[in-house]
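Have a look at the structure below before the remarks.
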Amino acid sequence: MTPGPTAPATMPPRPEGLNARGAIMANWALNLLEQAAQLYGGSRSEEGQEILTAVLKLRKRFGSASHDLTQQEVKLAGARATPIQTPTPQQSGAWQDMVKQRLAGMGGGGAAPATPAAAA
């Protein structure tokens, strides 16, 4: 056996799972960009036109997918989401107080007047 280079390959093989995940994420991003273009007024606005031009170019490369979220997209979003923390009792009380203050400030209820004279 002749000695030769024992270094690893310069380009590691690309797992097919990562390719599939990338395609799902790219299509999801393109769907969101299309929705953003609609909010800008679609092709009637300069911003909407620029977004749609980019989306059309990228759709040629990455293909088209359903505009509804697929199960795979929902799973990817869930995996990337920040976990929700349960508030402590101290945080819960502070939250309730803040909500009461905001509602009272907006005239939507909240704390009742202290005396009947204050209500008049």
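The values are calculated or read from the model by the stated rules, or taken from the named source; none is laboratory data. Computed from a predicted model, the values in this text were never measured in an experiment. Cβ placement follows ideal geometry from the backbone for every residue including glycine, while neighbour counts extend to all protein chains displayed. Each accessible area value is taken on the protein alone, full model and side chains, heavy atoms only, with ligands, DNA and RNA left out. Shrake-Rupley method; radii C 1.70, N 1.55, O 1.52, S 1.80 Å.
Per residue, the range 16-65 exposes 72 Å² of solvent-accessible protein surface, assessed with a 1.4 angstrom probe and all protein chains in place. Local charge sum around L39 (other residues, Cβ-Cβ under 15 Å, Lys/Arg +1, Asp/Glu -1)? Result for the local shell: -3.
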